[in-house]
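Worksheet: the structure to be examined is printed underneath.
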Amino acid sequence: DAGVIQSPRHEVTEMGQEVTLRCKPISGHDYLFWYRQTMMRGLELLIYFNNNVPIDDSGMPEDRFSAKMPNASFSTLKIQPSEPRDSAVYFCASALRKQGADRSYNSPLHFGNGTRLTVT
Amino acid sequence: QQQVKQSPQSLIVQKGGIPIINCAYENTAFDYFPWYQQFPGKGPALLIAIRPDVSEKKEGRFTISFNKSAKQFSLHIMDSQPGDSATYFCAAPGRRALTFGSGTRLQVQP
């Protein structure tokens, strides 16, 4: 299995531009998560999907952020318009089961290698 | 919301030393505490997780100790190697999903 695939690996854009990050989860995984990593705030959960349906987006910082999962093998995270404070590494992760569910120790999160976003 | 406090923020040990990373949590519905390891330029990857019915788990050189009454758990790395240099995250199940600690940057010097 190729694992979780994210693209692009690096994105540099100017403030105000639209940014789209892409993710292909591991086949068969029912859960998909978007995390953001910064030095100040560590790993923050932005949103997660179950069977392509957004379940909890309370971590999405602002209306400028949106995420979609049109099918089981693809998800996008869009920022429009982007701002310098959005600069971070964005990770997509997938899992067989919801984290925190009973026996979820058998269902680890599989992370992609992230997209490093720089907004100037 | 679940809070997980991790310490220390960074750690430097000599090869063969035993770095210890500590985490404390507030409340959790399930006793499930994984540790993730992250190398530069990579995403975190599950290193080891403790089952809900034991107080210690060992996998190779890595050991998790769990103190339920104190709401604390820790990671020990025996005979640490330079290849163990990475950032380590503890995590605990929150209402929404896993909540991660702030991370510990470990450097093992040759």
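Quick notes on this structure:
- Every pair of different Cα atoms in the range A:5-119 enters the Kirkwood calculation, which places the hydrodynamic radius at 14.2 Å.
- Solvent-accessible ranking of A:ARG22, A:ARG64, largest area first, probe 1.4 Å: A:ARG22, A:ARG64
- Stretching B:LYS71 away from B:GLU26 to a fully extended chain increases their span by 15.5 nm, per 0.36 nm per residue minus the current alpha-carbon distance.
- Whether chain B is rounded, prolate or oblate, judged on the alpha carbon gyration tensor where a/c under 1.5 counts as rounded: prolate
- Dimensions of the protein assembly as shown from C-alpha coordinates, computed as largest minus smallest value along each principal axis and given longest first, are 48, 39, 33 Å.
- Computed over protein heavy atoms with a 1.4 Å probe, the accessible surface of the range A:5-119 works out to 48 Å² per residue.
- Selected from A:VAL89, A:VAL12, A:VAL53 as most flexible by GNM, with chain A as the system and alpha-carbon contacts under 10 Å: A:VAL12
- Per-residue average of Cβ from other chains inside 10 Å of B:99-107: 3
- Share of carbon and sulfur in the accessible heavy-atom surface of chain B [1.4 Å probe, %]: 48
- Accessible surface area normalised per residue over chain B is 49 Å², counting heavy atoms of protein chains with a 1.4 Å rolling probe.
- Accessible area, probe 1.4 Å, largest first, for residues A:HIS10, A:HIS29: A:HIS10, A:HIS29
- Put simply, the amide H of B:LEU98, placed in the peptide plane, has neighbours under 5 Å in A:GLN99, leaving out anything fewer than 5 places away on its chain.
- Taking every alpha-carbon pair under 8 Å whose residues sit at least 6 apart, chain A reaches a relative contact order of 36 percent.
- Residues of the range B:40-57 whose accessible area (probe 1.4 Å, heavy atoms of protein chains only) drops by at least 20 Å² once all protein chains are present, relative to their chain alone: B:GLY41, B:LYS42, B:GLY43, B:PRO44, B:LEU46, B:ARG51, B:PRO52.
- Hz values of 3J(HN,Hα) by residue in the range B:38-51 - Karplus curve (6.51, -1.76, 1.60), Gly and Pro given as x: 10, 9, x, x, 10, x, x, 9, 4, 9, 6, 9, 9, 6
- Accessible surface of chain A, 1.4 Å probe, proportion on carbon and sulfur as whole %: 47
- Heavy-atom accessible area with a 1.4 Å probe sorts A:THR120, A:THR115, largest first, into A:THR120, A:THR115.
- For the chain pair B and A, buried accessible area totals roughly 1900 Å², probe 1.4 Å, rounded to the nearest 100.
- Solvent-accessible area of A:MET15 with every protein chain in place, 1.4 Å probe, in Å² to the nearest 10: 120
- You can think of it this way: the chain between A:ALA2 and A:GLU18 has 2.9 nm of extra reach, that is 0.36 nm per residue less the Cα-Cα gap.
- Exercise: per-residue mean of other protein chain Cβ atoms within 10 Å, A:107-114: 5
- Residues whose amide H comes within less than 5 Å of that of B:LEU47, counting only those at least five positions distant or on another chain, are B:TRP35, B:TYR36, B:GLN37 (H built at 1.01 Å from N in the peptide plane).
The values are calculated or read from the model by the stated rules, or taken from the named source; none is laboratory data. Everything numeric in this text was worked out from a predicted model, so none of it was measured. Neighbour counts run over all protein chains shown; Cβ positions are idealised from the backbone, glycine included. These accessible areas exclude ligands, DNA and RNA; they are computed on the full protein's heavy atoms, side chains included. Shrake-Rupley method; radii C 1.70, N 1.55, O 1.52, S 1.80 Å.
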